[in-house]
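Read the structure below first, then the notes.
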Amino acid sequence: MIKIMAGAALALGLTAGAAGAQNLETGGKLLLTGGVSSIEGSGGGGLATWATTTGYGSEEGVGGNAHATFVSLPDFEFRTYGVAVGLFDRVELSYARQEFDTGSTGGKLGLGDGFTFSQDVVGLKVVVLGDAVYDQDRWYPQVAVGAQYKMNDQGAIIGAVGGRDDQGVDYYVAATKLLLDRSLVVSGAVRLTRANQTGLLGFGGPNEDGYSPQFEGSVAWLAGRRLAFGAEYRSKPENLGFAKEDDWADVFVAYAFNKNLSVTAAYVDLGDIATVKDQRGVYISLQAGF
Amino acid sequence: MKTLLGLTAALTLTVLAAAAYAQETRPWAMPGEEKVDPYTVAEANAGTGPITDPKVFEAFHGKDGLARIVATTLDMAYADARIGPIFKPFERPRIERTLNEHFCYVLGGGCAYSGRDMAAAHKDMGVKPGDMGALVEILQKAMDKEGVPFGMQNRFLAKLAPMKRDVVNK
């Protein structure tokens, strides 16, 4: 009897779940308006986070995606993989695994060949104002606030180079506006951070241990429904003493095959990293989702 | 006296003709169209002002081009799995005429819009937020088919986008 009731309850629950799912929209947003996946896993450009939620879910729907990004630099390789969901065009949850592979450079730096710094980034973003796409009659952008919790797995090395912590939290406010009559997307964010090289070299250091405000921004021109060209800039703190840390920049092209698959290619300038100069290279990112 | 009679007759005829004219052109009950509840015709019903740059309407190939775009849009919208059910309860002739008027007005084509405001026109249709996106995508395809450059399409869509607030049923 209990079994039957449990079965009935389960059936009811499933039915209710299915009915609920029918009320959830998917794919309600326009192509590319969900942005692509940034290196920290949240929706945005490549290096800069945007105020938009990832995926193609509308205010009454959900969207989600997975991404893989490869950055090939002269002396290093940088990879990120992650997943993100957008809920009701309001909240975004994201996870990314970043790997900074020193390859043969690791040996020269005394870390050992193939030494890899890795960190997990868990992100939360909440849209607090505006609609970047539809509010074309209002001057103000879509605004979101967010936090990214970063956990690096190389605490010992980070300590040895002067980093104070192997984990930290970034906080940001992002503002994004589609200027549709000009086919332009403009986005800027202020990030409060203690991260060295976004956290790959830990958090805080001898020069500065506290939070500092940093800027990241993107400008993209929509050349067609599927195609966007753009440029990005991201400023960074210089907390560590052993090596200089540069601001980052890129020029990119993003192409959406459809709402389920997009590719972003960029030329990135990551400057000097861990005493190794002029790390400029090619960035390729694939995103699959809905 | 004769003059007075003549004048009265003329006046009566004028009044009758005017009444008949008004009867025929009531925009909520046009011949061959599904009737809707009477409403006040006003320029403000268009929900936005017209684009002033004449290049935009030219890019849409004027009224003929626009008529093709509206026809393609409605062909696709009625047949669409997602938003077809929203359109199907309504007969096409009135929608097609008012859409042509509305788009022509917004594009700066010099037409008058005789339809209802966006909130009244879409009341109780059950339009969800994503349906607006689906219709925009259909409209984009129709504009592509007409050969309207993407940048010009966006100048038009920038005018329509804020109407989402009135079109989507909360």
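The numbers here are math on the coordinates, done by the rules we state, and not lab data. The structure presented is a predicted model; accordingly, all values stated were derived computationally and were not measured. A quick note on method: Cβ atoms are made from the backbone with ideal geometry, for glycine too, and the neighbour counts reach across all protein chains shown.
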Checklist line | Conditions (1) within 30 Å of A:Val186 (Cα to Cα); (2) among the charged types (D, E, K, R); (3) touching a residue at least 12 places away in the same chain (Cβ under 8 Å): number failed by A:Asp101 | finding: (1)
Check: So which residues in region B:142-156 are part of a loop (DSSP other than H, G, I, E, B) and over 15 Å from B:Leu107 (Cα atoms)?
Finding: B:Gly147
Note to self: Step by step: first the residues of region A:57-70, then only those that are surrounded by 23 or more Cβ atoms within 10 Å (Cβ to Cβ) and away from chain B (no Cβ under 14 Å), then the one that is nearest to B:Gly130 (Cα to Cα). Which residue is that?
What the structure shows: A:Asn65
Item checked: region B:128-144, subset facing another protein chain (nearest Cβ under 9 Å) and within 17 Å of the chain's Cα centre (by Cα), residue surrounded by the fewest Cβ atoms within 10 Å (Cβ to Cβ) -> B:Val136
Margin query: Return the residues of region B:112-121 that are buried (at least 19 other Cβ atoms within 10 Å of the Cβ) and part of a loop (DSSP other than H, G, I, E, B); say none if nothing qualifies.
Written below: B:Tyr113, B:Ser114, B:Gly115, B:Arg116
Notebook entry, point to check: What do you reckon, is A:Leu192 away from chain B (no Cβ under 14 Å) and either crowded, with 21+ Cβ neighbours inside 10 Å or part of a strand (DSSP E or B) (or both)?
Noted result: yes
Checklist line | Those strands (runs of 3 or more DSSP E) lying entirely in region A:219-290 with at least 2 residues within 14 Å of chain B (Cβ to nearest Cβ) | finding: A:227-234, A:248-258
Next item on the list: List the number of the failed condition for A:Leu111; all other conditions in (1) over 17 Å from A:Val276 (Cβ atoms); (2) touching a residue at least 12 places away in the same chain (Cβ under 8 Å) hold.
Entry: (1)
Notebook entry, point to check: Can you spot a residue in region A:170-180 that is surrounded by 20 or more Cβ atoms within 10 Å (Cβ to Cβ), under 19 Å from the mean Cα position of the chain (by Cα), at positive phi and not basic (Lys, Arg)?
Noted result: no
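For (1) of a type in the set (Val, Ile, Thr); (2) away from chain A (no Cβ under 12 Å), each residue gets a yes or a no:
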position	(1), (2)
B:Pro89	no, yes
B:Ile95	yes, yes
B:Gly110	no, yes
B:Ser114	no, yes
B:His122	no, yes
B:Glu146	no, yes
B:Arg155	no, no
B:Leu160	no, no
Check: What tally of residues in region A:126-154 results from selecting those that are within 14 Å of another protein chain (Cβ to nearest Cβ) and of a type in the set (D, E, K, R)?
Finding: 4
Next item on the list: Take region B:51-69 and flag every residue that is in contact (Cβ under 8 Å) with a residue 60 or more places away in the chain and either within 15 Å of B:Ser114 (Cβ to Cβ) or assigned to a helix (DSSP H, G or I) (or both).
Entry: B:Lys55, B:Val56, B:Ala59, B:Gly65, B:Arg68, B:Ile69
